[in-house]
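Enquirer: Okay, here's the structure, questions in a sec.
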Amino acid sequence: MQLPAPRGPLSQQVRLVLSGRATQGSMDWSSVTSLPRPADRILHDEDFQLALWMLFELHYRGFDSVDPDLEWDPLLIHSRGMLEASLESLLRDLTADDVRRANRAGGCFTNRLSGLIDELDGGSLATFLQRRATSEQFADFMRRRSIYHLKESDPQSFVLPRIDGPAKVALAELQYDEYGAGRADRLHAGLFADALDALGLDSTYGAYIEEADATTLAVNNVMSLFALRRRLRGASLGHLAAFEATSSAPCRRILSGIERLGLPAATARYFDEHVEADAVHEQLAIRSICAAMVEGEPGLADDVLFGAATCLRVEAIASETLVETWESHQLVEAPA
Amino acid sequence: MSEVPTADAQDVRTQACPGGPLLVRGAATWVDSDGIEHPVTRPVVAVCRCERSQRLPWCDGTHKFVTRTAPSVA
């Protein structure tokens, strides 16, 4: 993948360092990161989100012509830490009431987590895709989703060595299913690539990064923020639980939208697989992973709830942004 | 003897999820209440217990909408 074009001073600085055209020493990060960035706008700040996304991507597939050792460059890690701190602080504020409400509801941890997820489960985007979306809008949805789904489940694999016991066993079991359960043709990221190909879209990893909006990048950055920091392992698995628990029914609606639009079988297959798979994963993630982890480490309970609430709040913002874009007839054309 | 479990049955483990499906591990097939065998294609499957799934015998998450409108009896 090529480094994406910058979208402001922060992503410009990151791009210059990654491409070797500026050295860390020549840059004044503090002036960049202290630019006035209202906390509540960070999720909509494409410069901020793209800068962070590029820094996280060094831990996944990296970029063509970027020195792989920059993944652990101390100054880049330090700079990323400043961006991560701003994002985490915003997410804590965004979800504080949700976590408080879940805890006030009481009951066992499984019930508190399930209750929080049920309360925040929106699903308006799936309903739009089911009933109203045009083929063009569906393709737009797939292009945005490709940023995550071409590396589906990869963030959570970073959490495996950071947990132990039954929760680790269950996470490995879930990931094994995500990674095709021993069959290369069932790798979920591969099924998504097939779904893109069938629609005539580009299934190359990172192909649509240039057109990814701030909220799409934020959805991805939140997963990396939680998965790459051991301290946030509880949030990462809470996020996973909310993601899986709100997937099965929406996939059914999206499938019905695919049928309505007469889209290809390979596109349907991806969502068809996820109706059943995620009905299983929901139970695994809530009970066998999160509840088991919290039993072993009770201090992680609030972070699991924080991660779950963050998943649903940020996803809702990204979905609303997408539907608003469509409704205002500002559909961005794919680059030729 | 019929009471001696087969090697297959010994390896099958089930876990009931309150208000939700039955998780089944290690099964090659699942036999539904009508005696029809369904091949198992993933390491863990969720068998529907609310009988409202559109994918019987497998869970498709429908129980959540059932229990939301009417308090669960499960």
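The values are calculated or read from the model by the stated rules, or taken from the named source; none is laboratory data. Bear in mind the structure is a predicted one, so any value in this text is a computation, not a measurement. Cβ placement follows ideal geometry from the backbone for every residue including glycine, while neighbour counts extend to all protein chains displayed. The area values use the complete protein model at the heavy-atom level, side chains included, leaving out ligands, DNA and RNA. Shrake-Rupley method; radii C 1.70, N 1.55, O 1.52, S 1.80 Å.
Enquirer: Look at the stretch A:284-300 and say how many of its residues are closer than 29 Å to B:VAL24 by Cβ, more than 14 Å from chain B (Cβ to nearest Cβ) and part of a helix (DSSP H, G or I).
Expert: Residues of the stretch A:284-300 closer than 29 Å to B:VAL24 by Cβ: A:284-297, A:300.
Keeping just the survivors that are more than 14 Å from chain B (Cβ to nearest Cβ) gives A:293-297, A:300.
Remaining after also requiring part of a helix (DSSP H, G or I): A:293-296, A:300.
Within the stretch A:284-300, residues that are closer than 29 Å to B:VAL24 by Cβ, more than 14 Å from chain B (Cβ to nearest Cβ) and part of a helix (DSSP H, G or I) number 5.
Enquirer: Still on this structure, please answer the following. Please pick out the residue among A:GLY122, A:GLY190 that is of a type in the set (Gly, Ala, Ser) and at pLDDT below 95. It would help to see each step written out before you state the result.
Expert: Details: A:GLY190 fails: at pLDDT below 95.
Result of the check over A:GLY122, A:GLY190: A:GLY122.
Enquirer: Can you pull out every residue in the stretch A:253-283 that is more than 10 Å from every other protein chain (Cβ to nearest Cβ), part of a helix (DSSP H, G or I), open to solvent by 30 Å² or more (accessible area, probe 1.4 Å) and not hydrophobic (A, V, I, L, M, F, W, C)?
Expert: If the condition is that a residue be more than 10 Å from every other protein chain (Cβ to nearest Cβ), part of a helix (DSSP H, G or I), open to solvent by 30 Å² or more (accessible area, probe 1.4 Å) and not hydrophobic (A, V, I, L, M, F, W, C), then A:ARG253, A:SER256, A:GLU259, A:ARG260, A:ARG269 are the ones that fit.
Enquirer: Can you find, within the stretch A:173-203, the residue that is farthest from the other protein chains (Cβ to nearest Cβ) among those that are assigned to a loop (DSSP other than H, G, I, E, B) and among the hydroxyl-bearing types (Ser, Thr, Tyr)? Step through it out loud before you land on a result.
Expert: Just the residues of the stretch A:173-203 that are assigned to a loop (DSSP other than H, G, I, E, B), to begin with: A:179-183, A:187, A:199-203.
Subset that is among the hydroxyl-bearing types (Ser, Thr, Tyr): A:179, A:203.
Numbers: A:TYR179: 11, A:SER203: 24 Å.
The selected residue is A:SER203.
Enquirer: Restricting to the stretch B:39-55, what's the tally of residues that are more than 8 Å from every other protein chain (Cβ to nearest Cβ) and either under 9 Å from the mean Cα position of the chain (by Cα) or farther than 16 Å from A:ALA277 by Cα (or both)?
Expert: Residues meeting the conditions: 6.
Enquirer: To continue, here is another question. Can you pull out the residues in the stretch A:204-252 that are charged (D, E, K, R) and within 14 Å of chain B (Cβ to nearest Cβ)?
Expert: Of the stretch A:204-252, the ones charged (D, E, K, R) are A:210-211, A:213, A:229-231, A:233, A:244, A:252.
Selection gives A:GLU244, A:ARG252.
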